[in-house]
Amino acid sequence: MDEATVLVDIRLGYRVLTLNRPDKLNSFTGVMHRALRAALDDAEADKSCKALLITGAGRGFCAGQDLADPEIAAEPGDMPDLGETLEKHYNPLIRKLRALPLPVVCAVNGVAAGAGVSLALASDVVIAARSASFGQAFVKIGLLPDSGATYLLPRLIGPARARAWALTGDTLKAEQAETWGLVHKVVDDPILMAEAEAFCQRFAVASPASLAAIKRAFDIADGNDLDSQLDYERDEQRRLGRGRDYAEGVEAFMEKRKPVFGGRS
Ligand code: T3D
């Protein structure tokens, strides 16, 4: 039997998904896309799962599209339809990651290139190993950054850096990525997974209603002016204030104990 292209480890309150094509730096094939989407669907369906951790097997995180995948190769003499690959695989993946009602933590364990960078950009918390690097590989093969990169990059690191980086395709070291605000934190390689799992363990005991609402509010804010966002926050707070997590959070505070939040409803 073929080895799984995505490994799934179920932990208490969260799941670890490991991209598993180490020989090809975990670059995306159609098979790996389908496996990752199925793993995301399973995690969402499991109400006890309150966070996800995505990482890569071996020395790489993800080198973007597998340029040799027969699924994108055109017949000799024909042009490939890369728009179809985006429509079929990458765009649903990025939309799914952003819409998941649970935080996605990304542990970038090595090189991330092309859509591998976009995968990290679409996550909620990115921790990078000191040896990791980030490459806007697209310009080197005659493409433009995709999988949300032209939208997310300028919002994270500012338009000046985003444009220059995409246009040059330079490789960014982890520490530079941290300085630019592309990642939350850089840690020494041996403690990468422990650091990333510590985030998931905190999310596993947090209010799932809060986590989902916070994630969504930041996404909504991108398309709102301040007035609309104030209205959005008011409506969401009204909804959360009627929920069981708020009742438990306030009760626990009054009783000077830690709150006990359940799974997602
Ligand atoms: O459908 C569509 O195409 C549209 C969607 C596009 C999304 C995209 O992501 S486009 C961008 C695709 N990615 C790239 O262009 C990156 C290509 N890879 C590299 O530039 C380099 O591999 C890295 C800079 C990432 C790492 O370099 P290095 O020297 O550390 O490793 P390496 O020796 O180049 O790679 C190790 C192996 O992985 C090697 O295989 P081999 O020779 O040992 O059998 C290499 O061919 C393979 N590999 C790495 N990246 C890819 C890949 N194989 C297929 N596709 C890859 N993207």
Condition check: within 8 Å of the ligand (Cβ to nearest atom) and farther than 30 Å from Lys215 by Cα. Does Asp81 satisfy that? no
In the set Arg37, Arg59, the lone residue that is within 9 Å of the ligand (Cβ to nearest atom) and either within 30 Å of Arg202 (Cα to Cα) or of a type in the set (Asp, Glu) (or both) is Arg59
Of the residues in the range 113-137, those that are near the ligand (Cβ under 8 Å from one of its atoms) and surrounded by 23 or more Cβ atoms within 10 Å (Cβ to Cβ) come to Ala113, Gly114, Ala115, Gly116, Ser118
Just need a number here: residues in the range 75-100 that are out of contact with any Asp or Glu (no Cβ under 8 Å at 6 or more places or on another chain), aliphatic (A, V, I, L, M) and either in a loop (DSSP other than H, G, I, E, B) or outside the structural domain of His33 (by the TED database) (or both). 1
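Evaluate the following for Gly142: is it within 11 Å of the ligand (Cβ to nearest atom) and in contact (Cβ under 8 Å) with a residue 60 or more places away in the chain? Lay out the reasoning, then the answer.
Details: within 11 Å of the ligand (Cβ to nearest atom): yes; in contact (Cβ under 8 Å) with a residue 60 or more places away in the chain: no.
No; evaluated as a whole, the condition is false for this residue.
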Taking first residues from the range 83-96 that are farther than 17 Å from Ala39 by Cβ and second residues anywhere that are more than 10 Å from the ligand (Cβ to nearest atom), the pairs with Cβ under 7 Å that are 6 or more apart or on different chains are none
Please specify each residue of the range 30-56 satisfying the condition of being surrounded by fewer than 20 Cβ atoms within 10 Å (Cβ to Cβ) and not in a helix (DSSP H, G or I). Asp46, Lys47, Ser48
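Within the range 135-159, which residues are within 23 Å of Ala51 (Cβ to Cβ) and hydrophobic (A, V, I, L, M, F, W, C)?
Taking the range 135-159 and keeping what is within 23 Å of Ala51 (Cβ to Cβ), we get 147-148, 152, 155-156.
Hits for the range 135-159 are Leu152, Leu156.
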I'd like the full set of residues that are exposed (fewer than 12 other Cβ atoms within 10 Å of the Cβ), of a type outside the set (A, V, I, L, M) and over 14 Å from Gly148 (Cα atoms), limited to the range 77-105. Gly77, Asp78, Glu84
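Let's see how each residue does on (1) surrounded by fewer than 17 Cβ atoms within 10 Å (Cβ to Cβ); (2) outside the structural domain of Cys62 (by the TED database); (3) under 18 Å from the mean Cα position of the chain (by Cα):
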| residue | (1), (2), (3) |
| --- | --- |
| Ala162 | no, no, no |
| Glu178 | no, no, yes |
| Ala198 | yes, no, yes |
| Lys215 | no, yes, yes |
How many of the residues making up the range 93-110 are more than 15 Å from Val187 (Cα to Cα) and within 13 Å of the ligand (Cβ to nearest atom)? 2
Can you tell me which residue within the range 209-223, out of those that are of a type in the set (Gly, Ala, Ser) and touching a residue at least 40 places away in the same chain (Cβ under 8 Å), is farthest from Ala122 (Cα to Cα)? Ala209
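The values are calculated or read from the model by the stated rules, or taken from the named source; none is laboratory data. Just so it is clear, the structure is predicted and the values come from calculations on it, not from any experiment. All Cβ positions, glycine included, derive from the backbone under ideal geometry; neighbour counts span all protein chains shown.
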